[in-house]
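The values are calculated or read from the model by the stated rules, or taken from the named source; none is laboratory data. Only a predicted model underlies this, so the values are computations on that prediction, with no experimental measurement involved. Cβ sites come from the backbone with ideal geometry, for glycine too, and all protein chains shown count toward neighbours.
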Amino acid sequence: MPRVKLELPEHFPFSMEIVVRITDLNYGGHVGNDRIPAYMQEARVAFLNKYGYSELDVEGVSLIMSDCQIVFKGEGFYGDIISIEVAAVEFHKYGFNLYYRMQKQSGQLVAEASSNMMCFDYKNRKLLSLPEQAKLKLEQGRW
């Protein structure tokens, strides 16, 4: 089975930093693979917040993740500062894809990832269309 390959966008309009905590490490002494999705969520929440959104309110609709892909590129260790860049691209009727690039201050990549975010009505358990205003804000990188 071939390895997952991600084609990252050229521009990432958002970046934040996470300091690797001792609880993020696994038995190998580096960031555990289960922590990368948690880092993605931290970055996603901060990214949406910059637009005045949350995972439960993007122009009146909520978001749910339908899939994600992670390509591990290097190790992170206790105390490392990892920069996580985020970009929203590939908009479709029901949502969009988020891409993430995680790297240490040295420039060494830790991981590249993507998540497909769908608009969702949690009360009625059904997909909703992506609001046009949200699409415009997110694709233009405005806040």
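Residues in the stretch 80-105 that are more than 15 Å from Glu55 (Cα to Cα), outside any strand (DSSP E or B) and either in contact with a strand residue (DSSP E or B) (Cβ under 7 Å, 6 or more places away or on another chain) or at pLDDT below 95 (or both): Asp80, Gln105. Count of the stretch 1-30 residues, restricted to those that are of a type in the set (A, V, I, L, M, F, W, C) and assigned to a loop (DSSP other than H, G, I, E, B), is 6. Can you tell me which residues in the stretch 64-79 are exposed (fewer than 15 other Cβ atoms within 10 Å of the Cβ), among the small types (Gly, Ala, Ser) and part of a loop (DSSP other than H, G, I, E, B)? Matches in the stretch 64-79: Gly74, Gly79.
Restricting the stretch 77-117 to residues that are touching a residue at least 60 places away in the same chain (Cβ under 8 Å) and polar (S, T, N, Q) leaves a set whose member that is farthest from Lys135 (Cα to Cα) is Ser83.
Take Tyr122 and decide whether it is under 25 Å from Tyr53 (Cα atoms), surrounded by 14 or more Cβ atoms within 10 Å (Cβ to Cβ) and modelled with pLDDT of 95 or more. No, not satisfied.
Taking the criterion of being surrounded by 18 or more Cβ atoms within 10 Å (Cβ to Cβ), assigned to a helix (DSSP H, G or I) and touching a residue at least 24 places away in the same chain (Cβ under 8 Å), the residues of the stretch 31-44 that qualify are Ile36, Tyr39, Met40, Ala43, Arg44. What do you reckon, is Phe120 part of a strand (DSSP E or B), in contact with an Asp or Glu (Cβ under 8 Å, 6 or more places away or on another chain) and either of a type in the set (Ser, Thr, Tyr) or without any contact (Cβ under 8 Å) to a residue 60 or more places away in the chain (or both)? Judged against the criteria, Phe120 is not a match. Only one of Leu127, Leu136 is among the aliphatic types (A, V, I, L, M), without any contact (Cβ under 8 Å) to a residue 24 or more places away in the chain and surrounded by fewer than 21 Cβ atoms within 10 Å (Cβ to Cβ); which? Matching residue, one of Leu127, Leu136: Leu136.
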